[in-house]
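Just below is one structure, and these are the notes that go with it.
The values are calculated or read from the model by the stated rules, or taken from the named source; none is laboratory data. If you're wondering where the values come from, they're calculated on a predicted model, not measured in any experiment. Because the Cβ atoms are built from the backbone with ideal geometry, glycine has one as well, and the counts that use them run over all protein chains shown. Areas reflect the complete protein model, heavy atoms only, side chains present, ligands, DNA and RNA absent. Shrake-Rupley method; radii C 1.70, N 1.55, O 1.52, S 1.80 Å.
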Amino acid sequence: MEVGRLPISASLRGKLISAGYTTFASLSSLSHSDLARDLKIPESEALEILKAASLNCGLDKPDKSNVIVNGAQTAWEMLHEEQSFPRITTSSSDLDNILGGGINCKEVTEIGGLPGIGKTQMGIQLAVNVQIPVDLGGLGGKAVYVDTEGSFMVERALQIAKASIVEMSNYTELLKKKNRVCQVDIQPTDILDNIFYFRICTYTEQIALINYLDKFILEHKDVKIVIVDSVTFHFRQDFEDLALRTRLLGGMALKLMNLAKKYNLAVVIFNQATTKYVEGSFQLSLALGDSWSHCCTNRVILHWNGDERNAYLDKSPSLRSASASFSVTSEGIRNSASNHKRIKLM
Amino acid sequence: MTPENLLTRPPIADKLTLGCPVLDRCLGGGVPCCSITELVAESSCGKTQFCLQLALSAQLPPSHGGLSASSLYLHTEFPFPFRRLHQLSQAFRSSRPHLVAINPCEDVYVDSVHDAYQMLDIMPKIESFIESAKTRLPVRLIVIDSIAALFRTEFNNTPLDLKRRSSLFFKISGKLKSLANRFRVAVVVTNQVVDFMGESDGVNGVKVGNFGSLHSSGRRVCPALGLAWANCVNSRVFLSRNEVVVAEGNSNELEDGLCRQTKRRLDILFAPHLPQASCEFVITQQGVFGVVSANR
């Protein structure tokens with residue numbers, strides 16, 4: 001059999017065969033950590049086996065490439081990785097539920113809605129929640145907040161941060177009762193310090209900044225969320241060349257997507273609601289046109305349902321469309337207090 | 001400009017008092033700097049009174065809720081109410097003689113603007129005016145009274161014209177916000193209302209902010225300039241007046257035996273730092289003052 005030809009020790013070969021690996025093909029899409037686990041050998045030895053196997057493959061079958069492609073992953077690996085990364089909570093469990101647990105890293109989530117619906121509130125809440133320590137189920141990360149409209153109010157951020165600290169302390173008390181020690185000794189100003197705040201006043205500044213973020217995050221690897229509030233504002237002015245606008249927006253979306261994947265962080269961009277002239281009447285939709293709506297992985301629309309704030313998951317690669325209610329309180333985003341709330345699946 | 005310079009500390013927005021603690025409480029301390037606050041109301045509700053009062057309060061020192069600043073007042077409609085400003089400034093000065101200059105009117109710079117394109121044209125002049133700092137006190141309040149009048153004429157109700165109009169909104173708002181951020185200025189803009197036409201009014205019926213429908217003088221109204229402009233301001237405050245039945249049977253009664261009074265109200269429609277709040281107010285010779293109502 002093929003593995004018999006590998007230049008490895010007999011005992012290793014024996015382990016390989018008894019575990020069921022007899023051909024090079026069976027080894028070709030395996031990661032060394034999985035192989036090590038399977039054979040109960042140290043990872044370094046597994047790596048050696050795979051290296052030898054790929055070398056051999058290269059020699060034997062020059063036209064067929066069974067070589068492990070640099071950087072490629074199997075779907076299993078990706079699922080494993082995905083599950084090991086906690087999502088960023090929105091502080092409303094109903095909202096988290098329709099989002100599959102919260103805002104996901106490695107993805108771009110677009111959140112849009114009318115003025116006053118709570119976009120900036122959501123942005124500040126996420127910038128605070130990304131900092132929840134790992135011991136308490138969070139990411140223990142920092143946030144980049146790109147403010148294009150001047151809506152970020154320090155007093156509100158401090159208010160939300162303070163409420164978050166109280167919640168964390170309460171949770172810590174609960175953990176202490178179960179003998180798990182975890183200290184929450186943080187001040188609201190500390191939370192504010194962990195939000196890297198950028199103020200943008202023109203569309204050229206916006207593009208320059210998004211280009212610069214790659215370098216910035218390289219130097220600040222603990223950033224786990226990038227929030228752009230809002231991505232729309234500076235692009236709704238007159239662009240004589242509409243094709244230019246589409247190109248700029250597309251370039252921006254691509255850069256944000258790459259940031260998310262490369263640094264394993266969440267990107268949340270806020271969009272404004274506008275009217276679209278469709279079939280002789282005006283309808284509500286999100287700004288920036290049709291081509292933009294393809295750029296984001298997930299899309300959430302915030303809207304009013306009577307007197308209640310609702311979030312509707314409009315687009316997601318893995319979750320079904322659903323709607324949940326939430327409220328904006330003095331503490332930030334929370335579950336809606338209504339008795340009739342329920343998650344509506346569509 | 002390098003991208004690195006865009007990283008700043010978020011500004012702690014100084015607040016400009018409205019001149020009355022009851023009103024200030026509603027607004028979380030006053031009108032914030034570095035953002036655009038819009039006052040929406042139908043005519044004669046008190047928008048201009050608020051603006052004149054703010055232009056005077058700006059001159060107070062920060063210890064008294066002011067900004068130790070002068071104001072730039074851009075008016076777009078009727079002649080500027082010089083006499084009323086003078087009357088208010090006298091009352092203002094007499095209650096705080098040690099805190100303001102002999103003639104507070106001198107620290108209010110007034111100019112008129114006629115249309116949106118002219119507004120855009122004068123932005124660089126405004127910027128250099130503030131930057132040059134040739135005024136006795138730095139300019140830290142800009143009032144535009146009213147923004148709706150700038151778009152009165154020359155825009156028809158066709159999709160193309162509306163689109164042209166809305167891109168002007170974003171241009172003007174973008175420049176104002178840039179000024180607000182750069183010079184830590186509070187920008188106050190007044191806007192009018194239009195009647196709500198009913199079901200056929202489409203998007204105008206959409207709930208923007210804390211109230212599903214707004215009422216003034218017994219009619220349902222909506223802020224002018226539509227949804228696009230609503231996206232251009234940071235905070236929106238609604239002033240209204242309504243006739244309210246106060247008591248029954250009285251010597252000044254009307255035919256139906258009820259006594260009516262005009263009540264004025266201020267409502268927070270949306271603001272990134274404020275919960276929904278409202279407050280009753282009155283307009284007197286001395287100015288605008290909030291009223292703590294005994295019953296709601």
Requested in this report: Restrict the check to the range A:125-139 and report whether at least one residue is within 8 Å of chain B (Cβ to nearest Cβ), in contact (Cβ under 8 Å) with a residue 60 or more places away in the chain and buried (at least 24 other Cβ atoms within 10 Å of the Cβ).
Outcome: no
Query - Residue identified as among the β-branched types (V, I, T) and assigned to a loop (DSSP other than H, G, I, E, B) among A:I191, A:I117, A:I165 - result: A:I117
Requested in this report: Restrict the check to the range B:129-137 and report whether at least one residue is small (G, A, S) and touching a residue at least 24 places away in the same chain (Cβ under 8 Å).
Outcome: no
Query raised in the report: Is it the case that some residue within the range B:51-60 is open to solvent by 10 Å² or more (accessible area, probe 1.4 Å) and either aromatic (F, W, Y) or within 14 Å of another protein chain (Cβ to nearest Cβ) (or both)?
Result: no
Query raised in the report: Looking at B:R265, B:R260, B:R236, which one is charged (D, E, K, R), open to solvent by 80 Å² or more (accessible area, probe 1.4 Å), part of a strand (DSSP E or B) and modelled with pLDDT of 90 or more?
Result: B:R265
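So that you can scan it fast, the table gives a plain yes or no per residue for (1) hydrophobic (A, V, I, L, M, F, W, C); (2) over 14 Å from B:G287 (Cβ atoms); (3) within 14 Å of chain A (Cβ to nearest Cβ); (4) surrounded by fewer than 21 Cβ atoms within 10 Å (Cβ to Cβ):
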site	(1), (2), (3), (4)
B:N5	no, yes, yes, yes
B:G28	no, yes, yes, yes
B:C45	yes, yes, no, no
B:Y73	no, yes, no, no
B:P79	no, yes, no, yes
Report summary line: Residues of the range B:51-75 being assigned to a helix (DSSP H, G or I) and out of contact with any Phe, Trp or Tyr (no Cβ under 9 Å at 6 or more places or on another chain), in sequence order, are B:L54, B:P62, B:S63, B:H64
Query raised in the report: Restricting to the range A:200-256, what's the tally of residues that are of a type in the set (G, A, S) and within 13 Å of chain B (Cβ to nearest Cβ)?
Result: 2
Requested in this report: Consider A:L249 carefully, then state whether it is assigned to a helix (DSSP H, G or I), touching a strand residue (DSSP E or B) at 6+ places or on another chain (Cβ under 7 Å) and open to solvent by less than 60 Å² (accessible area, probe 1.4 Å).
Outcome: no
Requested in this report: Inspect all residues belonging to the range A:84-98 and state whether any of them is of a type in the set (S, T, Y), open to solvent by less than 20 Å² (accessible area, probe 1.4 Å) and not in a strand (DSSP E or B).
Outcome: yes
Report task. Being polar (S, T, N, Q) and outside any loop (DSSP other than H, G, I, E, B) is the filter; apply it to the range B:100-121 and report the residue that is nearest to B:E77 (Cα to Cα). Result -> B:S112
Query raised in the report: Counting only residues that are open to solvent by 40 Å² or more (accessible area, probe 1.4 Å) and away from chain B (no Cβ under 11 Å), which one in the range A:290-307 is modelled with the highest pLDDT?
Result: A:I301
Query raised in the report: of a type in the set (A, V, I, L, M, F, W, C) and on the phi > 0 side of the Ramachandran plot, is that true of B:C34?
Result: yes
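Here's the yes/no breakdown for (1) closer than 30 Å to B:L16 by Cβ; (2) at pLDDT below 95; (3) not in a helix (DSSP H, G or I):
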site	(1), (2), (3)
B:E154	no, yes, yes
B:L160	no, yes, no
B:K163	no, yes, no
B:L168	yes, yes, no
B:K177	yes, no, no
B:T190	yes, no, yes
Report task. Report yes if B:G174 is out of contact with any helix residue (DSSP H, G or I) (no Cβ under 6 Å at 6 or more places or on another chain), within 24 Å of A:G150 (Cα to Cα) and either within 7 Å of chain A (Cβ to nearest Cβ) or among the aromatic types (F, W, Y) (or both), otherwise no. Result -> yes
Query raised in the report: Somewhere in the range A:168-185, is a residue within 12 Å of chain B (Cβ to nearest Cβ), under 23 Å from A:G140 (Cα atoms) and either touching a strand residue (DSSP E or B) at 6+ places or on another chain (Cβ under 6 Å) or open to solvent by 40 Å² or more (accessible area, probe 1.4 Å) (or both)?
Result: no
Query raised in the report: In the range A:263-283, which residues are over 16 Å from A:F235 (Cβ atoms) and touching a residue at least 24 places away in the same chain (Cβ under 8 Å)?
Result: A:Y263, A:N264, A:L265, A:A266, A:V267, A:V268
Query raised in the report: Of the residues that make up the range B:30-41, is at least one open to solvent by 10 Å² or more (accessible area, probe 1.4 Å) and within 23 Å of B:M119 (Cβ to Cβ)?
Result: yes
Requested in this report: Working only within the range B:1-52, note down all residues that are among the polar types (S, T, N, Q) and within 26 Å of B:A149 (Cα to Cα).
Outcome: B:S35, B:T37, B:S43, B:S44, B:T48, B:Q49
Query - Residue selected from the range A:257-274 under the condition within 14 Å of another protein chain (Cβ to nearest Cβ) and among the polar types (S, T, N, Q), by the criterion surrounded by the most Cβ atoms within 10 Å (Cβ to Cβ) - result: A:N271
